[in-house]
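Single-structure report; data block below.
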Amino acid sequence: MARNAHRSGHGSALGVERPLIKRLHIFLGLLTFTHFIVYGIAGLTASARPGLERPKQARSTRYVVFSAPENQTDKQVADLIYNQLKLPFTRPMPDWYLRRTPENDLLLDFWNINGIFRVTVLEKEQRLRIDEIRNSAWLFLEDMHATTRGDAGNLALLRLWGYYNEFAMWSLIAMALSGGYLWLSSRPRLRWAQACLVASSALSALIYMLVR
């Protein structure tokens, strides 16, 4: 009777704790399902196509009338263009990225999650040439996979994705820990599970030592 009571008490503790952790494990996976798909595609893309380059050819080109004010620095002109064009998902041009073409025209690359808006200030023609260079779907997902709230700046939509992305990263850690607990609390003596744990740990340690 004492043994049965001990088993019953232990079972009741697990009966409350294990289902709760199992639900947490499942719900975290469902909440971040799309992120894991993005992570997987980005990882496979990096493995299968490590030399994937950013596109350089413009998908479309348009011109906008623009007269650069006199006695202004390149940075001031870049900020003026940024505020005037309001290109989607872009941020102000940093000082260190200001360039000029061989013809001495100011060249501004406004990077965004979809590619680049390349703006050339044609001072003699008093207009702007805007080349839209679009990323492939693979590069788009790769950039989305790496975006955090710190990378989003003041862009509300990207900042929201950044928070969601960071939540998914923490969820992955929680799922790994809860998954380990669920294994240990159910069938810790399963030989295949033990072999997988040893193999993955040994492989991770070996790669760490070789890389460091």
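Results, tabulated for the structure shown:
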quantity: Matching label, volume of the Cα convex hull per residue in Å³ computed from the structure shown, candidates [x] 179; [y] 123; [z] 112; calculated: [x]
quantity: Cut-off 14 Å between beta-carbons: net charge of the residues surrounding Asn104, Lys and Arg +1, Asp and Glu -1; calculated: -2
quantity: Per-pair calculated FRET efficiency, R0 = 25 Å: Ser204 and Ile41 via Cβ, rounded to 0.05; calculated: 0.65
quantity: Extension reserve of the Lys56-Val211 stretch, reckoned as 0.36 nm per residue once the Cα distance is removed; calculated: 52.5 nm
quantity: Within straight-line cross-link reach of Lys75, aspartates and glutamates at Cα separation under 18 Å, skipping those fewer than 8 residues along the same chain; calculated: Asp95, Asp105, Asp109, Glu123
quantity: Per residue value of the accessible surface for the chain (all protein chains in place, 1.4 Å probe), Å²; calculated: 70
quantity: Kyte-Doolittle mean at least -0.5 and Cα axial length at least 24 Å: DSSP H helices in the chain; calculated: 2-31, 156-184, 191-211
quantity: Most mobile of Ala48, Ala176, Ala58 in a GNM of the chain (Cα contacts under 10 Å); calculated: Ala48
quantity: The chain - percent relative contact order, Cα under 8 Å, separation 6 or more; calculated: 21
quantity: P(r) histogram, all alpha-carbon pairs of the range 24-109 included - 5 Å bins from 0, percent; calculated: 2, 9, 13, 15, 13, 10, 10, 11, 8, 5, 3, 1, 0
quantity: Carbon plus sulfur fraction of accessible area for the range 137-212, probe 1.4 Å, in percent; calculated: 70
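The values are calculated or read from the model by the stated rules, or taken from the named source; none is laboratory data. Source: prediction; values computed, not measured. Because the Cβ atoms are built from the backbone with ideal geometry, glycine has one as well, and the counts that use them run over all protein chains shown. For the accessible areas, the whole protein counts, side chains as well, though only heavy atoms, and no ligand, DNA or RNA atoms are used. Shrake-Rupley method; radii C 1.70, N 1.55, O 1.52, S 1.80 Å.
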